[in-house]
Amino acid sequence: QVQLVESGGGLVQAGGSVRLSCVASGDIFDITAMAWHRQAPGKQRELVASITIGGSTYYTDSVKGRFTISRDNDKNTAYLQMDSLKSEDTAVYYCGTMKRLKWYWGQGSQVTVSS
């Protein structure tokens with residue numbers, strides 16, 4: 001089993017910044033990638049960014065140049081730095097990882113961007 005615990009999030013004005021953290025614990029020995037997804041009200045969960053253990057990253061087009069995903073392998077922690085936030089970034093953000101074809105998720109962090 002893998003446990004993911006998120007922190008960060010909250011209410012921020014448009015143009016502001018927020019940093020999310022996700023600490024992984026449990027059976028994490030062979031986890032190679034971590035990702036951040038988000039789900040806005042009435043919408044499907046979408047992949048926002050991902051990072052491999054080697055540091056290769058992926059970003060969805062809508063956040064490129066504004067969001068930065070990173071990880072500290074020694075601390076088993078992934079981060080999502082979100083800058084230049086827009087109202088359309090309002091969502092619940094979930095840290096996730098896949099192990100043996102099963103997804104594991106954090107508890108979710110609400111990010112609300114006020115315009």
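Out of the trypsin sites (Lys or Arg not before Pro) in region 1-109, which ones are loop residues according to DSSP with at most 12 other C-beta atoms within 10 Å? Listed in order of number, the matching sites are 43, 64, 75, 100.
When only the heavy atoms of the protein chains count and the probe is 1.4 Å, how do 46, 88, 6 rank by accessible area, highest first? Please report the intermediate quantities before stating the final value.
On the way: 46 70, 88 120, 6 10 Å².
Largest accessible area first, the residues go 88, 46, 6.
Maximal additional length on extending the residue 5-residue 56 stretch stands at 16.1 nm, based on 0.36 nm per residue less the C-alpha distance.
If you add up the charges near residue 68, with Lys and Arg at +1 and Asp and Glu at -1, over every other residue whose beta carbon is less than 13 angstrom from its beta carbon, what do you get?
Numbers: positive: 19, 64, 66, 71; negative: 83.
Net charge in that neighbourhood comes out at +3.
On a per residue basis, the convex hull of the C-alpha atoms belonging to the chain measures out at 96 Å³.
Placing a pseudo-label 7 Å from each Cα along the Cα-to-Cβ vector at residue 30 and residue 74 gives an inter-label distance of 2.7 nm. Projected label points at residue 102 and residue 84, each 7 Å from Cα along the beta carbon direction, are separated by 4.0 nanometres.
Per atom type, region 13-111 shows carbon and sulfur on 49% of its accessible surface, probed at 1.4 Å. The Cβ shell under 14 Å around residue 109 holds other residues with a net charge of +1, Lys and Arg each +1, Asp and Glu each -1. Per-residue 3J(HN,Hα) values for region 6-11, derived from phi via the Karplus relation 6.51 cos²θ - 1.76 cosθ + 1.60 with θ = phi - 60°, read 9, 8, x, x, x, 9 Hz in sequence order (x marks Gly and Pro). The phi torsions of region 72-84, fed into the Karplus equation with coefficients 6.51, -1.76 and 1.60 and a -60° offset, translate into couplings of 10, 5, 5, 9, 6, 10, 10, 10, 10, 8, 10, 10, 6 Hz, rounded to whole numbers, with Gly and Pro shown as x.
The values are calculated or read from the model by the stated rules, or taken from the named source; none is laboratory data. What you are looking at is a predicted structure, and each value in this text was computed from that prediction instead of being measured. Counting neighbours? That spans all protein chains shown, and the Cβs are built from the backbone with ideal geometry, glycine included. These accessible areas exclude ligands, DNA and RNA; they are computed on the full protein's heavy atoms, side chains included. Shrake-Rupley method; radii C 1.70, N 1.55, O 1.52, S 1.80 Å.
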